[in-house]
There are 2 protein chains.
Amino acid sequence: MLPMRPELLKGHLDALLLAVLEPGPQHGYAVIESLRSSSDGALDLPTGTVYPALHRLERAGLIASDWETVGGRRRRAYRLTASGHTALREQRAIWDQFAAAVTAVLRGRPWPATV
Amino acid sequence: MLPMRPELLKGHLDALLLAVLEPGPQHGYAVIESLRSSSDGALDLPTGTVYPALHRLERAGLIASDWETVGGRRRRAYRLTASGHTALREQRAIWDQFAAAVTAVLRGRPWPATV
DNA sequence: CTCCATAGATAGCATCACAAAGTATTGTGA
DNA sequence: TCACAATACTTTGTGATGCTATCTATGGAG
């Protein structure tokens, strides 16, 4: 698995985090592992990327957190808010468009008119 | 067509430019129009984005340029170098991986083991 | 007792697309 | 004739954001 260039993720991280939290609450460390496992190691994000991003999403009101203690360890469980669910829907649509556009250009073929 | 958030493109622009230049030389202004038309308006990049990016690619040796005058207007025709062709191949592979990983996470399904 | 996995935080940096402003030429419409 | 759009290129500065590096802390394995 090639190491992912850092900048590639820019602007797409929020969508990934929201998507990972969609099935149910998770704490930060678990989010990192979810991303890694569900992408077969392709998305192996450092804590310095994920934790600040979660804080940002919480400030934006897209997720909320509760502290919990499990096995003597404090952890913060994040869950999607209503706005978070809405944002995730939008982000998915934006990603689909973006991905289709980039793929079309990279393939050198014109945009598929029939979508 | 939704306005594309700026950061989404980060790290992917080089691949797009190389791909547009693959069929043959083009000048900057034409590159912008190629991107717009081949993405049905989704990729409508400002000159302040494209021209510096072309300079960057030229400094990196992935493209080369020749000045030409057409109808009294000076324009710079860019073409892929050998390194540029190689880079484009790599970038396509990287994009495919990245797109597959993001799509998998957004779809909430595990990475397809059979690729 | 040391080391690793778990769990979290953050300061500072680097990258890069973009906004905004400018130069210059050609063609068009009033 | 004169304003304006389209063509064509350039550059300065800024903002957003992911990453590196470093730090704190606990629990279990060896």
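Values in this text are rule-based calculations from the coordinates and carry no lab data. The structure presented is a predicted model; accordingly, all values stated were derived computationally and were not measured. Note that we place each Cβ from the backbone using ideal geometry, even for glycine, and neighbour counts take in every protein chain shown.
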10 Å Cβ neighbours from other chains, averaged over peptide B:19-32: 1
Projected area averaged over orientations for chain A, convex hull of C-alpha atoms, nm²: 8.8
Amide hydrogen neighbours beyond the local backbone of residue B:26, cut-off 5 Å, H modeled: B:78
Chain B residue with Cβ closest to the axis mapping B onto A, distance in whole Å: B:10, 2
Tensor-based shape of the protein assembly as shown (alpha-carbon gyration tensor, a/c under 1.5 rounded, otherwise prolate or oblate): prolate
